[in-house]
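Presented below is the structure to which this report refers.
The values are calculated or read from the model by the stated rules, or taken from the named source; none is laboratory data. Source: prediction; values computed, not measured. When the accessible area is computed, the model is the full protein with side chains, heavy atoms only, and any ligands, DNA or RNA have been set aside. Shrake-Rupley method; radii C 1.70, N 1.55, O 1.52, S 1.80 Å.
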Amino acid sequence: MNSTSLSVLRYFAKRTSLSVSDLAVICNQSAHIFVPHFKYLLDNGFIEPDPQASDPSTEIKLRSKFCITLAGKDELENIKQRKQTTRLKEIRAWLTLAISLAAFIKSFIFPG
């Protein structure tokens, strides 16, 4: 998933339903930019047609409303957890480097 698709999915998590034109207005960009990202999210099951909308078809039109699915919410949570795990691993690596560097410097100052 690229960063724009992830951003679109995050907008869905904040709102109950969105259309391509709604997102274009929110982001102040052309609606045609978001169509491939809507298609990707729809094809992978991260969003679905809004059952409360007047036209619940799976065809992506400018005014067709979509909402996030449970799989979409799970994907956002998985991405968040992976980011936290990566950050924790990075902190551990830097801490290990600092300790080994301190031990190396100490060996020159206090030999033996």
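Take Glu77: with every protein chain present and a 1.4 Å probe, its accessible area is about 90 Å².
Summarising the overall dimensions of the range 25-87 from its C-alpha atoms, the Rg and Dmax are 13.8, 44 angstrom. Taking each DSSP H run with n ≥ 4 as -39500 (n - 2.57) and averaging over every residue of the chain yields -20500 deg cm²/dmol at 222 nm. When all protein chains stay in place and ligands, DNA and RNA are ignored, the 1.4 Å accessible-area order of Phe46, Phe38, Phe110, largest first, is Phe110, Phe46, Phe38. Please build a GNM for the chain, connecting alpha carbons under 10 Å apart, and tell me which residue among Lys61, Lys73, Lys39 fluctuates the most. Its mean-square fluctuation being the largest, the pick is Lys61. With every protein chain in place and a 1.4 angstrom probe, the accessible-area ranking of Thr4, Thr86, largest first, reads Thr86, Thr4.
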